[in-house]
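The values are calculated or read from the model by the stated rules, or taken from the named source; none is laboratory data. Note that the structure is predicted; figures quoted are calculated from it, not measured. When we count neighbours, we look across all protein chains shown, and the Cβ atoms used for this are built from the backbone with ideal geometry, even at glycine.
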Amino acid sequence: MRTQWILIWALLCGCGNMAAGQLVIIYPFPTPPVYQSGTNLIWHASFGANGAYMPFYVVASTNLTSFSTNWSRVLTNAADSSGGFSVTLPIEPDKPSRFYRIAIPVL
């Protein structure tokens, strides 16, 4: 069961106007967008409503500073009808550090 607290905050802008909004804190916290499950890395994210069915690639590299042309495509997929997606990536023990990015093809 989730418990929600809603905090109302106000921000005084330099122009003298007040802006109000809500910050929702959910406890216990939901599953994080990236987590380990057994020998897999699970990644949940969303492109938002405008990203419905958007195709994308997951690319990987063992060198974070490598040029994007040197990153390898490890997965091709498309977002769901709400723009969300979930990918499962195997954790490879022979690659102690591996970095992932989302790449969107030019349409």
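The table for this structure:
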| read-out | value |
| --- | --- |
| Qualifying position, being part of a loop (DSSP other than H, G, I, E, B), β-branched (Val, Ile, Thr) and out of contact with any Pro (no Cβ under 6 Å at 6 or more places or on another chain), among Val59, Val106, Val87 | Val106 |
| Condition check for Leu64: at pLDDT below 90 and more than 23 Å from Pro105 (Cα to Cα) | no |
| Candidates Thr69, Thr76, Thr65, Thr88 - the one that is surrounded by fewer than 12 Cβ atoms within 10 Å (Cβ to Cβ) and under 13 Å from His44 (Cβ atoms) | Thr88 |
| Near pairs, Cβ below 8 angstrom, 6+ apart or cross-chain, from segment 75-104 (under 21 Å from Tyr53 (Cβ atoms) and small (Gly, Ala, Ser)) to any residue that is modelled with pLDDT under 90 and surrounded by fewer than 13 Cβ atoms within 10 Å (Cβ to Cβ) | Ser82/Ala49; Gly83/Gly48; Gly83/Ala49; Gly83/Asn50; Ala103/Ser68 |
| Residue that is farthest from Pro105 (Cα to Cα), among those in segment 34-44 that are modelled with pLDDT of 90 or more and either in a loop (DSSP other than H, G, I, E, B) or among the aliphatic types (A, V, I, L, M) (or both) | Gly38 |
| Residue check for Ser81: surrounded by 11 or more Cβ atoms within 10 Å (Cβ to Cβ), hydroxyl-bearing (Ser, Thr, Tyr) and outside any strand (DSSP E or B) | no |
| Test for Ser72: is it at pLDDT below 90 and of a type in the set (Ser, Thr, Tyr) | no |
| Residues located in segment 49-70, provided they are in contact with a strand residue (DSSP E or B) (Cβ under 6 Å, 6 or more places away or on another chain), within 17 Å of Val87 (Cα to Cα) and of a type in the set (A, V, I, L, M, F, W, C) | Phe56, Val58, Val59, Ala60 |
